[in-house]
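Read through the structure below, which is laid out as structure tokens, and then see the notes.
The values are calculated or read from the model by the stated rules, or taken from the named source; none is laboratory data. No experiment lies behind these values; they were computed from the predicted model shown. Heads up, the Cβs are rebuilt from the backbone with ideal geometry, glycines too, and the neighbour counts pull from every protein chain shown. Keep in mind that these areas ignore ligands, DNA and RNA; they rest on the heavy atoms of the full protein, side chains included. Shrake-Rupley method; radii C 1.70, N 1.55, O 1.52, S 1.80 Å.
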Amino acid sequence: QVQLVESGGGLVQAGGSLRLSCAASGRTFRWRAMGWFRQAPGKERDFVAGIRWNDDSTIYADSVKGRFTISRDNAKNTVYLQINSLKPEDTAVYYCAAGWAATSSTATYDDWGQGTQVTVSS
């Protein structure tokens with residue numbers, strides 16, 4: 001089990017960028033798949049991006065491909081989400097998750113952070 005703490009959210013204008021960070025505690029981070037999800041008010045939690053533990057390969061939701069980049073630094077126990085060309089529809093609470101497989105399903109993630117708010121103004 002890992003404890004996850006997200007940071008880096010905020011209010012930004014459309015077209016701007018943010019880098020979200022997710023700091024993990026625990027010694028098992030490097031063997032965990034990591035993912036980012038987001039949840040807008042009144043909507044379900046949606047997959048954004050995932051990164052596998054064994055080869056750092058990545059997967060993305062179609063809606064964010066080319067704009068979002070997930071990466072990890074095992075030495076720092078941290079996973080990042082670089083968000084570029086922000087749109088108002090990207091407004092949501094962004095959650096970091098750790099699990100046994102980097103998929104688009106919440107079912108493959110066991111541990112979740114508390115979330116960080118991203119608000120994009122038009």
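For the chain, the solvent-accessible area works out to 50 Å² per residue, with a probe of 1.4 Å and every protein chain left in place.
Using the Karplus relation 6.51 cos²θ - 1.76 cosθ + 1.60 with θ = phi - 60°, the per-residue 3J(HN,Hα) values for the stretch 44-57 come to 6, 6, 10, 5, 10, 7, x, 9, 7, 7, 8, 9, 6, 5 Hz, with x marking Gly and Pro. Our summary gives the chain a relative contact order of 36 percent, counting only alpha carbon pairs under 8 angstrom and 6 or more residues apart. Leaving out same-chain residues fewer than 8 places away, which aspartates and glutamates sit with a Cα under 13 Å from that of K43? Filter leaves E89, D90.
Near V118: Cβ cut-off under 15 Å, other residues only, Lys/Arg at +1 and Asp/Glu at -1. The net charge is +2.
Note on the chain: with a GNM built from Cα contacts shorter than 10 Å, the maximum mean-square fluctuation among K65, K87, K43 falls on K43. The protection proxy used here, the mean number of other Cβ atoms lying within 10 Å of each residue, ranks peptides 3-15, 26-38, 70-82 as follows, highest first: 26-38, 70-82, 3-15. What shape does the stretch 67-115 take by its C-alpha gyration tensor, where a ≥ b ≥ c are the square roots of the eigenvalues and a/c under 1.5 counts as rounded, a/b above b/c as prolate, and the rest as oblate? In terms of gyration-tensor shape, oblate.
If you take the alpha carbon atoms of the chain and fit the smallest convex hull around them, that volume is 88 Å³ per residue.
Only protein atoms count toward the accessible area here, which uses a 1.4 Å probe; on the stretch 1-72, the carbon and sulfur part of that area reaches 46 percent.
GNM on the chain, C-alpha springs below 10 Å: top fluctuator among D62, D111, D46? So, out of D62, D111, D46, the one fluctuating most is D62. Starting from the Cα of K76, draw a straight line to each of the aspartates and glutamates and keep only those under 20 Å, dropping any in the same chain fewer than 8 residues away. Of all the aspartates and glutamates, those that pass the test against K76 - Cα under 20 Å, at least 8 places apart if same chain - are E6, D55, D56, D111.
Using 0.36 nm per residue and subtracting the Cα-Cα separation, the extra length available between R30 and V5 on full extension is 7.4 nm.
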